[in-house]
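J.: Just passing along the structure, written as structure tokens.
The values are calculated or read from the model by the stated rules, or taken from the named source; none is laboratory data. Since the model is a prediction, treat every value here as computed from it, not as a measurement. Cβ: placed from backbone, ideal geometry, glycine included. Neighbour counts: every protein chain shown.
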């Protein structure tokens, strides 16, 4: 799992590239927590365009990220999920918790 970041005006964009499964989820969440602690963003966009695969461990990561951002007084949303990732998000009903925007969509 590779992580890319961009930060501007209180908004941290975290891009995930690779596969987000139970093997990668713990280390990925640890890295994301370190980024949140370093930047203390008001907004966090989780860009999933680079994910080739995600399982339920990715849902757990999103739930923890949402909780962490709420604790910081901010919000999180998901951008650019691919077809497989979107199916997992929809099956979990994640849109009831976190907003999901398609490529070129608005948040």
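J.: Looking only at the range 83-107, which residues are buried (at least 16 other Cβ atoms within 10 Å of the Cβ) and within 16 Å of residue 16 (Cβ to Cβ)?
T.: 85, 86, 88, 89, 94, 98, 100
J.: Out of everything in the range 66-81 that is surrounded by 15 or more Cβ atoms within 10 Å (Cβ to Cβ) and farther than 11 Å from residue 47 by Cβ, what residue ends up being modelled with the lowest pLDDT?
T.: Looking at the filtered set, the residue picked out is 72.
J.: In the range 58-91, how many residues are in contact with a helix residue (DSSP H, G or I) (Cβ under 8 Å, 6 or more places away or on another chain), more than 16 Å from residue 10 (Cα to Cα) and not in a helix (DSSP H, G or I)?
T.: Adding up the residues that qualify gives 2.
Conditions tested, residue by residue: (1) loosely packed, with under 14 Cβ neighbours inside 10 Å; (2) modelled with pLDDT of 95 or more; (3) under 11 Å from the mean Cα position of the chain (by Cα); (4) not in a loop (DSSP other than H, G, I, E, B).
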{"site": "13", "(1), (2), (3), (4)": "no, yes, yes, yes"}
{"site": "19", "(1), (2), (3), (4)": "no, yes, no, yes"}
{"site": "29", "(1), (2), (3), (4)": "no, yes, yes, yes"}
{"site": "32", "(1), (2), (3), (4)": "no, yes, yes, yes"}
{"site": "37", "(1), (2), (3), (4)": "yes, yes, no, yes"}
{"site": "41", "(1), (2), (3), (4)": "no, yes, no, no"}
{"site": "44", "(1), (2), (3), (4)": "no, yes, yes, yes"}
{"site": "47", "(1), (2), (3), (4)": "no, yes, yes, yes"}
